[in-house]
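What follows is one structure encoded as structure tokens, with my remarks underneath.
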Amino acid sequence: MAWGERLMAMAINIDNDHKIIHRKVAGDLYTERSLQLVRELGMAVNSHKGFNVLMDMRETETKPEMLDLMQIASACVQLGSDFDSKIAFLIPNTEERIRFAQLFKACMEAQGFEFRPFFDYDAAMEWLSKQE
């Protein structure tokens, strides 16, 4: 695998105390790899009903193909029609990634998801842990 295509990912961690599915991803993100991450998350979500999702994307780089945000957001529907939990992404605090996260948020909300991007782990955990 070429260095530019390298993607290092840790296993999905399940926090039963806070009811959060946590996945940390590092490396290059492109559309096909993002769709694979959604499929993997879908399996975890299906076996942990009622859990929120935290994706730590701070050590990733987006690629031009990532502009197909609606395709990725649409694939999230595979999380299950009864998925009504929150999804938080931890992202780098850069202008490009903020703009990307705002567009992705709009796509996710159009699919009916409660989604928020964060720069800070503690803020994301607070939002995900908050009972509404």
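Couple of notes before you dig in:
- Residue in the range 31-49 that is open to solvent by less than 30 Å² (accessible area, probe 1.4 Å) and among the hydroxyl-bearing types (Ser, Thr, Tyr) present: yes
- Against the test of being more than 24 Å from Asp68 (Cβ to Cβ), in a helix (DSSP H, G or I) and open to solvent by 60 Å² or more (accessible area, probe 1.4 Å), the options Glu96, Glu126 yield a single qualifying residue, Glu126.
The values are calculated or read from the model by the stated rules, or taken from the named source; none is laboratory data. What you see is a predicted model; the values in this text were computed from it and never measured. Note: ideal-geometry Cβ built from the backbone for every residue, glycine included; neighbour counts use all protein chains shown. Note: accessible area is taken over every heavy atom of the protein model, side chains too, but ligands, DNA and RNA are not part of it. Shrake-Rupley method; radii C 1.70, N 1.55, O 1.52, S 1.80 Å.
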